[in-house]
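> Encoded as structure tokens, here's the structure I'll be asking about.
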Amino acid sequence: MEPFQICKASSLSRVKFKTFLQSKNSDTNYGQYIRSFPRLTVIVYGIIEIWSIPLAYVDKLAKYNNGVKNLLVSVDVLSGKCSSANAN
């Protein structure tokens with residue numbers, strides 16, 4: 001039976017039925033898998049002291065980004081400020 005057919009059969013309004021369903025937790029046998037990766041401990045004394053600089057490959061999006069295939073992404077460890085530059 002469809003959910004809104006149950007509404008008609010029980011003479012509940014759709015709004016009440018919807019709010020009732022949203023207030024209940026769904027029961028399932030499967031939980032969300034949480035991955036916990038080991039992190040390096042870093043001691044930073046000031047902003048712009050340690051940077052994390054990965055290279056991002058965006059070659060599948062090159063036709064939308066004027067032919068840019070690689071991006072150099074820099075992230076400040078302490079503040080979390082992020083910037084990127086063309087690495088072609």
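> Among the residues of region 78-88, are any surrounded by 11 or more Cβ atoms within 10 Å (Cβ to Cβ), part of a loop (DSSP other than H, G, I, E, B), at positive phi and modelled with pLDDT under 85?
No, region 78-88 contains no residue that is surrounded by 11 or more Cβ atoms within 10 Å (Cβ to Cβ), part of a loop (DSSP other than H, G, I, E, B), at positive phi and modelled with pLDDT under 85.
> Being hydrophobic (A, V, I, L, M, F, W, C) and assigned to a loop (DSSP other than H, G, I, E, B) is the filter; apply it to region 58-73 and report the residue that is nearest to Ala87 (Cα to Cα). Talk me through it step by step, then tell me what you get.
Step one: of region 58-73, the residues hydrophobic (A, V, I, L, M, F, W, C) are 58, 61-62, 68, 71-73.
Narrowing the set further to residues that are assigned to a loop (DSSP other than H, G, I, E, B) leaves 58, 62, 68.
Working: Val58: 11, Ala62: 13, Val68: 8 Å.
Checked region 58-73; the qualifying residue nearest to Ala87 (Cα to Cα) is Val68.
> Any residue at all in region 65-75 that is modelled with pLDDT of 85 or more and surrounded by fewer than 11 Cβ atoms within 10 Å (Cβ to Cβ)? Lay out the reasoning, then the answer.
Filtering region 65-75 for residues modelled with pLDDT of 85 or more gives 65-75.
With surrounded by fewer than 11 Cβ atoms within 10 Å (Cβ to Cβ) added as a condition, the list becomes 66-67.
Checked region 65-75: at least one residue is modelled with pLDDT of 85 or more and surrounded by fewer than 11 Cβ atoms within 10 Å (Cβ to Cβ).
> Identify, please: which residue in region 17-57 is loosely packed, with under 11 Cβ neighbours inside 10 Å, charged (D, E, K, R) and over 30 Å from Gly80 (Cα atoms) and is, among those, modelled with the lowest pLDDT?
This residue is Asp27.
The values are calculated or read from the model by the stated rules, or taken from the named source; none is laboratory data. Since the structure is predicted, the reported quantities are computational estimates derived from the model, not experimental observations. Note that each Cβ is placed from the backbone with ideal geometry, even for glycine, and that neighbours are counted across all protein chains shown.
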